[in-house]
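Undergrad: To start, I am sharing the structure in question, which I have written as structure tokens.
The numbers here are math on the coordinates, done by the rules we state, and not lab data. The structure displayed is predicted, hence computed values, not measured ones. When we count neighbours, we look across all protein chains shown, and the Cβ atoms used for this are built from the backbone with ideal geometry, even at glycine.
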Amino acid sequence: MKKPIIRLGVAFMLAVAAAGAAASGAETPIERWPSDRAKSLGSLQNGARIFVNYCMGCHSANLVRWNRLQQIGLSDAQIKEFLIFGNQKVGDPMRIAMTPAEAKRWFGKTPPDLSVITRARTSFEYPGTDYIYTLLRGYYRDNGTATGWNNIAYPSIGMPHTLWERQGAREATLVQTHGHKDPKTGHESFVQVTSVYDAQGNVTRTETELKGPATEGFSYSFKPADAQQARQFDSDVADLVAFLSFITDPSSASRRSIGVWVLLFLALFTVIAWRLNAIYWKDIK
Amino acid sequence: MAEYKTPYTGIAGWFDQRMPTAMAEYRKHLSEYYAPKNFNIWYIFGGLAITVLAIQIVTGIFLVMNYKPDAALAFASVEYIMRDVPGGWFIRYMHSTGASFFFIVVYLHMFRGLMYGSYRTPRELVWIFGCLIFLCLMGEAFFGYLLPWGQMSYWGAQVIVNLFGAIPLIGPDLSIWIRGDYVIGDATLNRFFSFHVIAIPLVLIGLIAAHVLALHDVGSNNPDGVEIKKKLDPSGRPLDGIPFHPYYTVHDIFWLAIFLMVFFFVVFFAPEMGGYFLEWNNFIPADPLQTPPHIAPVWYFTPFYSILRATTEQFMYVLALGTIGMSALLVLTVRNSLVRGAVAVGTLVLLLGYFTLDPKFWGVVLMGLSVLIFIPLPWLDQSPVKSMRYRPGWHFWLMIVWVVAFVVLGYFGTQPPSPAGQYTSMLGTVIYFAFFALMPWWSRMGTFKPVPDRVTFHPH
């Protein structure tokens, strides 16, 4: 419930999100991003392609230069030919044409720059990569919202589901359990609300009173029309998250490999310093 | 004037002939500085603090070469350093990791002082300079934390500067004067940059020089709290002292190597340290229109921040009780009637203040006091012996209770406000202050063990 509130700026939206989070009663379960994707150049390149084609309509990555993508195995010529639209140079930042002011006028809020997004979305509870992996796979059709889309990880999200064609139609089932305490008797009762959103966004709600004690909670499940396509989509999102995670901290791979040598050197140095120390202190009685 | 004949040969001789001060200082501070031979692991942290200072200064010099102290450019310039400056990520992670390690080693260094009574006569000035260094370090960390211009930088600075607004009468104007604007802005960033890179470091280096010079004049304490200068050999050297160089230089180099392994493990493998060294929210650029739901200072400030948060309207009653108890204790134990009168009047004024002024103001006062209370420690501690080794066992455990309170306060300072955290922080605050306020009484109580004439030392 923290995450949505961070993203919504103005007080009005804050209130909406708080209400949404309160309605959900508990935190959305965050799924694990398959982190082995970060090690595969193919995945990173696929992620870059999806990022440029689907995300960069609205989101920039201004802190990243195009030629940084050499690190994921692309040559300048490939970057120019396959990834850069328009007249940007490979040494330019990954800019977009839309200005922040225009974006604000059109969408009400400027879509954030995604250069450091997986770090910025990390919390003590889960890594930002898991959050974005859950978010991008958490869309469902909901006729009750302005965009026609809603999201299990971010209720009433402003961003539409740009990847919907890749994901394909699916039905969502959201199960919310909340407790209600009678102020007079102090008796606590639990109600389970099951909302089924069909592929067109029409909702069917059923409420069942739970017998006996229960805990507040939220769970969800999706039923895709085409399971094969849905699996491919999950894999693409995992690649996209790998790419976002790469641009967040491009030095991380070399950092780790240099780190091993630094620690080995220091270990050797420690042994020498330890023996030197022992030689000197031998005299002290 | 007779020509000075140097006893040195080679390069040392060349220097000594031309600048005898150089070799004299070398002797005074290194080769003929006699340090007790029974130092244990707690004595490595002063040297480590100097090392971290050196790391911070050198990496800081390189960071300033590419950093832009401008509200519109600062955030991107830090990421530019991390991405496009060759080796920039290494420099920046060393600096951010160094900030946290500075506090780790300084807290351990201070704990050592507390444990072995290193602040007692004749080392009061060493201790006071040390406390001032700690204050400077806090200032340095606070000003530096604004520079990356992330959300936590911005809102952390906003919260802390707003605290000055709680001071009666001058508060609101004072906080505007500090910021140079009605909110944290470009003017604030520029002045904080100036404080961080030049003003505070200058004072800091001066204080460190004073700290070390004062220490080398009176000599180091040791785990036994024995004055080694009381037992000299025929040539006037302390019997239990050994030259700092080479014995403690090789010793400190060994521990430095181990320290560097820990330090560089963090730099290379966990520079964010799970969100404690680099806070996740600080990777979102500062936005004056968007307050983060949970603003927490970096971990090293959180014990003091918890004390601030614990001071609510409810806590004022606890504070009033504590003040009354304290003044009753003073009136009953101090004979001087002038002091008694002053205590009574002071108590009345305080009680009046507790329930007329905003509790937030008292929170600020307590937070300030929680840092400054270290300064009078040499006079609060009335124990007949210095070291915990020869004090009653429960003195040690009392100190551990205080340390636990400090850590627990620190933990709850990182967490969002909660009722459990609130009451625990109140209890922690009471323990924190009671430990110091009652020290003049409890530190004399109990059975003390006999202090040996000479230090206890087992050859390695």
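Undergrad: Name the most mobile residue of A:F124, A:F107, A:F85, meaning the one with the largest mean-square fluctuation, in a Gaussian network model of chain A with Cα contacts below 10 Å.
TA: Sorting by GNM fluctuation, first place goes to A:F124.
Undergrad: Just how large is the dipole of the protein assembly as shown about the Cα centre, in debye to the nearest 20, putting +1 at every Lys and Arg Cβ and -1 at every Asp and Glu Cβ?
TA: Values: 59 positive and 50 negative charges, 298 e Å.
Approximately 1420 debye in magnitude.
Undergrad: Follow-up question, since we're still on this one. How long is the gain from B:V331 to B:A209 if the chain were fully straight, where each residue apart is worth 0.36 nm and the alpha carbon distance is subtracted?
TA: Fully extending the segment from B:V331 to B:A209 adds 39.8 nm.
Undergrad: Moving on to the next point. Structure shown: which of A:K181/A:K223; B:K5/B:K230; A:K109/B:K68; A:K184/A:K211; A:K285/B:K231 lie over 25 Å apart, alpha-carbon to alpha-carbon?
TA: A:K181/A:K223; B:K5/B:K230; A:K109/B:K68
Undergrad: While we're looking at this one, here's another question. How compact and how long is the stretch A:169-225, expressed as Rg and Dmax of its alpha-carbon atoms in Å?
TA: Cα only, the stretch A:169-225: 14.1, 48 Å (Rg, Dmax).
Undergrad: Please give the average number of partner chain Cβ atoms lying within 10 Å of the Cβ of each residue in A:248-254, rounded to a whole number.
TA: 4
Undergrad: Shape verdict for the stretch A:115-222, please, from the Cα gyration tensor: rounded (a/c under 1.5), prolate (a/b greater than b/c) or oblate. Each step should come with its number before you reach the end.
TA: Details: a/c = 2.68, a/b = 1.47, b/c = 1.82.
Oblate shape, in that a/c is at least 1.5 and b/c is the bigger or equal ratio.
Undergrad: For A:K89, give me every one of the lysines with a C-alpha distance below 22 angstrom, ignoring sequence neighbours fewer than eight places off in its own chain.
TA: A:K80
Undergrad: So how do B:321-327, B:77-83 stack up, highest first, on mean other-Cβ count within 10 Å? Please list the in-between numbers first.
TA: On the way: B:321-327: 15.4, B:77-83: 20.9.
Put in order of decreasing packing, that is B:77-83, B:321-327.
Undergrad: Starting with the highest mean, order B:148-154, B:444-450, A:75-81 by the number of other Cβ atoms within 10 Å, averaged over the residues of each peptide. Please list the in-between numbers first.
TA: On the way: B:148-154: 25.6, B:444-450: 11.0, A:75-81: 13.4.
With the highest mean Cβ count within 10 Å placed first, the list reads B:148-154, A:75-81, B:444-450.
Undergrad: Something else: Please give the average number of partner chain Cβ atoms lying within 10 Å of the Cβ of each residue in B:265-278, rounded to a whole number.
TA: What the average comes to for B:265-278 is 3.
Undergrad: Then there's this: Using just the helices of chain A, give the 222 nm mean residue ellipticity in deg cm²/dmol: DSSP H runs with n ≥ 4 each add -39,500 (n - 2.57), and the total is spread over all residues, rounded to 500.
TA: -11500 deg cm²/dmol
Undergrad: Taking a 19 Å limit on the Cα-Cα distance, which of the listed pairs B:K37/B:K229; B:K28/B:K386; A:K282/B:K28; A:K282/B:K229 fall beyond it?
TA: Pairs exceeding 19 Å: B:K28/B:K386; A:K282/B:K28; A:K282/B:K229.
Undergrad: Give the average, rounded to an integer, of partner chain Cβ atoms located within 10 angstrom of each Cβ in A:122-128.
TA: Counting other chains' Cβ atoms within 10 Å and averaging over A:122-128 gives 3.
Undergrad: Kindly rank B:219-229, B:338-348, A:169-179 from highest to lowest mean number of other beta carbons found within 10 Å of each residue.
TA: The densest-packed peptide leads the list: B:219-229, A:169-179, B:338-348.
Undergrad: Grab the DSSP H runs of chain B that are 4 residues or longer, score each as -39,500 (n - 2.57), total them, divide by all residues and round the 222 nm result to the nearest 500 deg cm²/dmol.
TA: That calculation yields -20000 deg cm²/dmol at 222 nm.
Undergrad: Take every Cα pair under 8 Å in chain A that's 6+ residues apart, average their separations, divide by the length, and report that relative contact order as a whole percent.
TA: 22
Undergrad: A further question follows. What is the distance in Å between the Cα centres of the stretch B:343-381 and the stretch B:82-140?
TA: 26
Undergrad: Could you list the square roots of 5 times each eigenvalue of the Cα gyration tensor of chain A, that is, the equivalent ellipsoid semi-axes, sorted largest first and rounded to whole Å?
TA: In descending order the semi-axes read 42, 31, 18 Å.
Undergrad: Toward the positive end of the charge dipole of the stretch B:322-411, about the Cα centre and with charges on Cβ (Lys, Arg +1; Asp, Glu -1), which of B:V364, B:L380, B:G325 goes farthest?
TA: B:L380
Undergrad: Can you grab the distance from the C-alpha centre of the stretch B:26-53 to the C-alpha centre of the stretch A:110-163, Å, no decimals?
TA: Cα centroid to Cα centroid, the span is 54 Å.
Undergrad: Could you state the number of Å between the C-alpha centres of the stretch A:167-199 and the stretch B:179-209?
TA: 53
Undergrad: Report the Cα-based extents of chain B along its three principal axes, largest first, to the nearest Å.
TA: Principal axes ranked by extent give 70, 67, 47 Å for the Cα atoms.
Undergrad: Can you tell me which aspartates and glutamates have their Cα less than 19 Å from the Cα of A:K39? Leave out same-chain residues fewer than eight positions away.
TA: Result set, ordered by chain and number: A:D130, A:D234, A:D236, A:D239, A:D249.
Undergrad: With charges only on Cβ, +1 for K and R and -1 for D and E, what is the dipole size of the stretch A:169-225 about its Cα centre, in debye, rounded to 20?
TA: Details: 6 positive and 7 negative charges, 11 e Å.
Charge dipole, the stretch A:169-225, about its Cα centre: 60 debye, nearest 20.
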